[in-house]
Amino acid sequence: MPRFSANVSMLFTEVPFLERFVAAANAGFPGVECQFPYMHEANEVADKVAMSGAEIVVINAPPGDWAAGERGIAALPGREQEFKDALEVALNYADMMECPRLHCMAGCITEDKRTKATDTYLANIAWAADMTQQAGLTLLIEPISLPGYFVSRPDHAVELLRQLDRKNIQILYDVHHAQRTQGNIAEFLEKNLSVIGHVQVSGVPGRNEPDKLGEINWPFLFDMLDSHGYDGWIGAEYNPRAGTLAGLGWGADWGIGEGAKSKKRA
């Protein structure tokens, strides 16, 4: 049976951040995740996660200057020390929160700087993989469909894994981004499931609920992952159309949603 986690950076925003972990657990999510917990002290977030009873699944490392449009710095030449400092912060939070996975965003580049960016990225991620391995964590890299994002296609992520050759690096496979840049979702997952460390879902073309209003056949995809023995988490990371609880109908068959905790899939 698929295991779903709620990304509380995008879901349950009707309540303050620190209250969202309990809200997610109360809605039937056995797992929680968030993008950036750094606006609160690590022990404060860790306490709220523990109180929720849900398992923390993944957090992102600090991404650089988010307000200025930065989406990670791992591939940005000249920012190596900043990347290392950010990872140290993330490792402290992961340790306090007992979070087993850490995602490092690559950042956006211009094509004329791709060669230098590749060298920078490989060196930074190799170092990060060694640091996370010492901490007993899995390091995730994610293909993202943003203009100029260094790793935009799942096939590129697989090639980078080959070059990095670190056993504790896996792919965070976001179905929304993958469909926009490469497609062939089921085929890619079947072929590369051994290197998929986490899956995230949201509707395509809009980044809303993973339901029948988009172009993805979600029940098929969830069943396919289950039948192929995927034992990781599926993160619900989307923008609700009309409130978080109102949009959880997609998860009722899996015990997600108001009043759905006790339901079992036939």
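The values are calculated or read from the model by the stated rules, or taken from the named source; none is laboratory data. None of the values given here were measured: they were computed from a predicted structure. For neighbour counting, all protein chains shown are included, and Cβ atoms are generated from backbone atoms with ideal geometry for every residue, glycine included.
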Q) Does Val32 fit the bill of being farther than 22 Å from Gly197 by Cα and in contact with a helix residue (DSSP H, G or I) (Cβ under 7 Å, 6 or more places away or on another chain)? A) no
Q.
Which pairs turn up if I take residues in the stretch 147-170 that are among the β-branched types (Val, Ile, Thr) and look for partners that are not in a helix (DSSP H, G or I) with beta carbon separation below 6 Å, at least 6 apart in sequence or on another chain?
A. Val151/Ala106; Val151/Pro143; Ile169/Leu139
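For the structure I just gave you, tell me whether Ile234 is over 16 Å from Asn7 (Cβ atoms) and part of a strand (DSSP E or B).
So Ile234 does not fit the description; no.
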Q. In the list Val22, Val15, Val58, which residue meets the criterion of being among the β-branched types (Val, Ile, Thr) and out of contact with any helix residue (DSSP H, G or I) (no Cβ under 6 Å at 6 or more places or on another chain)?
A. Val58
(Q) Looking only at helices (runs of 4 or more DSSP H) that lie completely in the stretch 110-214, which have at least 3 residues being touching a helix residue (DSSP H, G or I) at 6+ places or on another chain (Cβ under 8 Å) and closer than 24 Å to Tyr93 by Cα? (A) 114-134
Q) Applying the selection to the stretch 129-157, what residues are touching a strand residue (DSSP E or B) at 6+ places or on another chain (Cβ under 7 Å) and under 15 Å from Gln170 (Cβ atoms)? A) Ala129, Thr132, Leu137, Thr138, Leu139, Leu140, Ile141, Glu142, Val151, Pro154, Ala157
Q) Got a number for residues in the stretch 24-34 being without any contact (Cβ under 8 Å) to a residue 40 or more places away in the chain and either buried (at least 22 other Cβ atoms within 10 Å of the Cβ) or not in a helix (DSSP H, G or I) (or both)? A) 4
Q.
Looking at the stretch 69-78, can you tell me whether even one residue there is modelled with pLDDT of 95 or more and assigned to a helix (DSSP H, G or I)?
A. no
Q) In the stretch 189-229, which residues are crowded, with 19+ Cβ neighbours inside 10 Å, of a type outside the set (A, V, I, L, M) and more than 17 Å from Trp250 (Cβ to Cβ)? A) Gly197, His198
Q.
Just the residues that are out of contact with any strand residue (DSSP E or B) (no Cβ under 9 Å at 6 or more places or on another chain) and small (Gly, Ala, Ser), please, taken from the stretch 203-235.
A. Gly203, Gly206, Gly214, Ser227, Gly229
Q. From Glu14, Glu44, which residue is in a loop (DSSP other than H, G, I, E, B), of a type in the set (Asp, Glu) and over 27 Å from Met224 (Cα atoms)?
A. Glu14
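Taking the stretch 149-172, which residues are β-branched (Val, Ile, Thr) and out of contact with any Ser or Thr (no Cβ under 9 Å at 6 or more places or on another chain)?
Val151, Val158, Ile171
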Q | Inter-residue pairs, beta-carbon under 6 Å, first in contact (Cβ under 8 Å) with a residue 12 or more places away in the chain and in the stretch 1-18, second of a type in the set (Ser, Thr, Tyr), 6+ apart | A | Leu11/Thr244; Phe12/Thr244
Q: Answer with yes or no whether Asp253 is touching a Pro at 6+ places or on another chain (Cβ under 6 Å), over 30 Å from Asp119 (Cβ atoms), charged (D, E, K, R) and assigned to a helix (DSSP H, G or I).
A: no
